[in-house]
1. For residue B:161, only one of the following conditions fails: (1) away from chain A (no Cβ under 14 Å); (2) within 16 Å of ligand 2 (Cβ to nearest atom); (3) aliphatic (A, V, I, L, M). What is its number?
2. Going through the stretch B:37-86 one residue at a time, which ones are among the polar types (S, T, N, Q) and within 16 Å of ligand 2 (Cβ to nearest atom)?
3. Test of understanding: among B:209, B:147, which residue is in a strand (DSSP E or B) and buried (at least 19 other Cβ atoms within 10 Å of the Cβ)?
4. Can you confirm whether the stretch A:136-144 contains a residue that is within 18 Å of residue A:26 (Cβ to Cβ) and either part of a helix (DSSP H, G or I) or at the interface with chain B (Cβ under 10 Å from one of its Cβ atoms) (or both)?
5. If residue B:213 satisfies every condition in (1) over 27 Å from residue B:107 (Cα atoms); (2) touching a helix residue (DSSP H, G or I) at 6+ places or on another chain (Cβ under 6 Å); (3) within 16 Å of ligand 2 (Cβ to nearest atom) but one, which is the exception?
6. So, in the stretch A:108-135, exactly how many residues are of a type in the set (Val, Ile, Thr) and surrounded by fewer than 18 Cβ atoms within 10 Å (Cβ to Cβ)?
7. Provide a single number: the residues in the stretch B:54-73 that are away from ligand 1 (no atom under 12 Å from the Cβ), more than 23 Å from residue B:219 (Cβ to Cβ) and either at pLDDT 95 or above or touching a helix residue (DSSP H, G or I) at 6+ places or on another chain (Cβ under 9 Å) (or both).
8. Please tell me if residue B:39 is under 28 Å from residue A:114 (Cα atoms) and away from chain A (no Cβ under 14 Å).
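The values are calculated or read from the model by the stated rules, or taken from the named source; none is laboratory data. All of these numbers come straight from a predicted model, not from anything done at the bench. Every residue, glycine among them, receives a Cβ derived from its backbone with ideal geometry; neighbour counts consider all protein chains shown.
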Amino acid sequence: MPNFNFRPLWRYSDQFIDGVLTTLLLTVSATMIGLIIGIIGAIVLRGGPKPARIAVRTYIEIIRNTPALLQIFIIFFVPPTIGLKFSPIQASIVALSIYFGAYASEILRSGLNSIPASQIEAGLCLGLTRWQVLSRIVLPPAIRNIYPSITSQFVLLLLGTSIASQVSADELFHAAGFIDSRTYRSFEVYALTCGIYFTLVVLFKIAFALVGRAAFRWPTRR
Amino acid sequence: MALVEIKNVRKNYGTLEVLKGVSLDVEKGEIVTIIGRSGSGKSTLLRCINALETINSGEILLEGQSVSAKMDGLRQMRQKVGIVFQAFNLFPHMTIEKNVTLAPILTGKTDKQGARKLALSVLERVGLADKLKAYPEQLSGGQQQRVAIARCLAMSPHLMLFDEVTSALDPELVGEVLKVMEEMAAQGMTMVLVTHEMNFARNVATKLVFMHQGRVWEQGDPKTLFANPQTPELKSFIGHHAG
Ligand SMILES: Nc1ncnc2c1ncn2[C@@H]1O[C@H](COP(=O)(O)OP(=O)(O)O)[C@@H](O)[C@H]1O
Ligand SMILES: [Mg+2]
């Protein structure tokens, strides 16, 4: 019967809370910036000039086919050599945004492609601008179609923020390592950390489901 | 000056020439039906009129203004030309009211207060004033097509184009859509329609155009042409579609 004792961790509740807040900061910032990258990427992939399309495609392939850990190292260690210095958190946000942006580009592109050209045509025939057609006619159903994939990509990002610990951004996983080194209660620390990540994911999934239900009210076929 | 003047228009997709020098005038208030075999270029011609397709030579004038995808005022031109397709193309995520009022609001034709009144008035014209809050998916095909017509009417178009708008409908739903179109015709709307409804072509249209292999093969008064087709092609076409 192993002798578990979570009580020594209690003194470190502030570190855990700060860790969670930093994890949320990384996740939310990277999601926002990544989505903006994704929207631009998707639009370029669909209708941009060829050089721009090639550039975006290259970006996506590089990001999706190399370790995220390596990407964060490059963002953290390379810019200082040309005199550009990022804090661990800044570097992590930049790296994770670039990372999420690559996946978001692909997902958003498939969302835009899921809308039949006849919808765009119908909008243009009414005398709307391309931007009005995109924002009012194409995007809402496209976002509904990709909502499940964006949700799971978001979860992967949330869990993936733990690699920011490797450049000493003091997010949750980094805090866990610190507390472990102070308490020598590895099992308890990592079990609790696991529980926190799990709870965060479940809460976000519930939130996404509620938002989705409120936003996507129109009936669909199938 | 005719409302639409189509002058010797040619259009090709790659090496395939789809319109081989089409000329056609549509006067204000005219109801022009275009008939012809599948692949004869009917849809392409309609789509050239509001510059959904670019033509390779010739010219199309709408109210005297040369139409093209690069023209100044392309959107203003399209706001004056309603087009209804076979597949309805309603916006699935918007209520019927929103479908109908989206363009008038975004183009500044009406404000939010006026929009409700506008929606009611055009939906009344197509007999669907009670469906304001429904979504397209909740309507029958015939109802959806009538909403698509109402959506165009809300822009007060000078010209309406219809491309086989009853072809995707169950037979029992065709009548309700044709009835709406007949009423529009009676109210003086200028209409160009591609259709397989020979009764409509014969009895409602003021001009009949028979297209064959990318050309206007015959055109004229519908009753005269139906009774006396001048070419074997039209004769055989009418024979196949007698009804
Ligand atoms: N976007 C396109 N690309 C290539 N060929 C096309 C395209 N649209 C139509 N066509 C061809 O043009 C010809 C005329 O088509 P269409 O105008 O649709 O005829 P209709 O409406 O009379 O059936 C057909 O041979 C068709 O295959
Ligand atoms: Mg056709």
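1. With (1) away from chain A (no Cβ under 14 Å); (2) within 16 Å of ligand 2 (Cβ to nearest atom); (3) aliphatic (A, V, I, L, M) applied to residue B:161, the lone miss is (1).
2. B:38, B:40, B:43, B:44, B:50, B:86
3. B:209
4. Checked the stretch A:136-144: no residue is within 18 Å of residue A:26 (Cβ to Cβ) and either part of a helix (DSSP H, G or I) or at the interface with chain B (Cβ under 10 Å from one of its Cβ atoms) (or both).
5. (2)
6. Looking only at that region, the number is 1.
7. 3
8. For residue B:39, the condition - under 28 Å from residue A:114 (Cα atoms) and away from chain A (no Cβ under 14 Å) - is met.
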